[in-house]
Amino acid sequence: DGGITQSPKYLFRKEGQNVTLSCEQNLNHDAMYWYRQDPGQGLRLIYYSQIVNDFQKGDIAEGYSVSREKKESFPLTVTSAQKNPTAFYLCASSIDLSAGGLNEQFFGPGTRLTVL
Amino acid sequence: KNEVEQSPQNLTAQEGEFITINCSYSVGISALHWLQQHPGGGIVSLFMLSSGKKKHGRLIATINIQEKHSSLHITASHPRDSAVYICAVANFGNEKLTFGTGTRLTIIP
């Protein structure tokens, strides 16, 4: 089955620690995205990647880092510099990065991060 | 930046009712997406529209480009339709989406 997997589903971390969220896709998609969802707010874009070894900051990139060493994988690291990291994190992919948002995005199941 | 507003924020209806969820945006767009988020959090893409109307099963999505407005309709609603429905838009020449805050739909048996 083709799709996107995120792990873990629930993640707890102590304040001051870095944590990495996994995102893997087997859809052969070029473009991948990380979003953050907070209660009462729309999804906000953290980072996106058009192709291997290339990625761009989204609207709320501060305190986060990503890598794209393989087409299938786009891990997100939440660093200790992120002031309010508790949130629901969603990874998505699309066949490519289409100007005009004309490509359907496929979403993973999400990771709920709680900072203790 | 495009402002996306959805209404209503919450909607509760009886099984079988016809449901309408609205989405308005402030700046002309190239595409509008309707997404469904189930209680577990996963999101599924329902429709992508740039004009006119699309239908899939009991779901119908329409868009009026001149009025900067889209509607998602559900006919013969069922409790399994209970979810959060999210509207997202893409501006011309921009690959990024702007998301609405969602409409929480609850269908009572």
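The values are calculated or read from the model by the stated rules, or taken from the named source; none is laboratory data. If you're wondering where the values come from, they're calculated on a predicted model, not measured in any experiment. Because the Cβ atoms are built from the backbone with ideal geometry, glycine has one as well, and the counts that use them run over all protein chains shown.
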Fill in: Qualifying positions in region B:18-42 - surrounded by fewer than 21 Cβ atoms within 10 Å (Cβ to Cβ), at pLDDT below 90 and either assigned to a strand (DSSP E or B) or of a type in the set (Asp, Glu) (or both)
B:Ser30
Worksheet, complete the sentence: Expected single match for assigned to a strand (DSSP E or B) and under 10 Å from the mean Cα position of the chain (by Cα) among B:Val84, B:Val89 is B:Val84
Fill in: Selection count, region B:7-42, where residues are facing chain A (nearest Cβ under 10 Å), aliphatic (A, V, I, L, M) and closer than 18 Å to B:Thr106 by Cβ
1
Worksheet item: Checking A:Gly40 against (1) at pLDDT 95 or above; (2) loosely packed, with under 14 Cβ neighbours inside 10 Å; (3) among the small types (Gly, Ala, Ser), which single condition isn't satisfied?
Response: (1)
Worksheet item: Out of all the residues in region B:4-17, which are closer than 15 Å to B:Glu67 by Cβ and surrounded by fewer than 19 Cβ atoms within 10 Å (Cβ to Cβ)?
Response: B:Glu5, B:Ser7
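With the condition kept exactly as written, say whether any residue in region A:25-38 is over 30 Å from B:Ser7 (Cβ atoms), in a strand (DSSP E or B) and among the aromatic types (Phe, Trp, Tyr). Walk me through it before giving the result.
Within region A:25-38, the subset over 30 Å from B:Ser7 (Cβ atoms) is A:25-32.
Narrowing further to those that are in a strand (DSSP E or B): A:25, A:31-32.
Next, only the ones that are among the aromatic types (Phe, Trp, Tyr) stay: none.
Within region A:25-38, not a single residue is over 30 Å from B:Ser7 (Cβ atoms), in a strand (DSSP E or B) and among the aromatic types (Phe, Trp, Tyr).
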Practice prompt. Determine if region B:70-83 includes at least one residue that is within 12 Å of chain A (Cβ to nearest Cβ), at pLDDT 95 or above and surrounded by 12 or more Cβ atoms within 10 Å (Cβ to Cβ).
Written response: no
Worksheet item: What number of residues in region A:52-108 are within 14 Å of chain B (Cβ to nearest Cβ), closer than 15 Å to A:Leu21 by Cβ and not in a loop (DSSP other than H, G, I, E, B)?
Response: 9
Fill in: Filter pass, A:Ser49 being surrounded by fewer than 18 Cβ atoms within 10 Å (Cβ to Cβ) and on the phi < 0 side of the Ramachandran plot
no
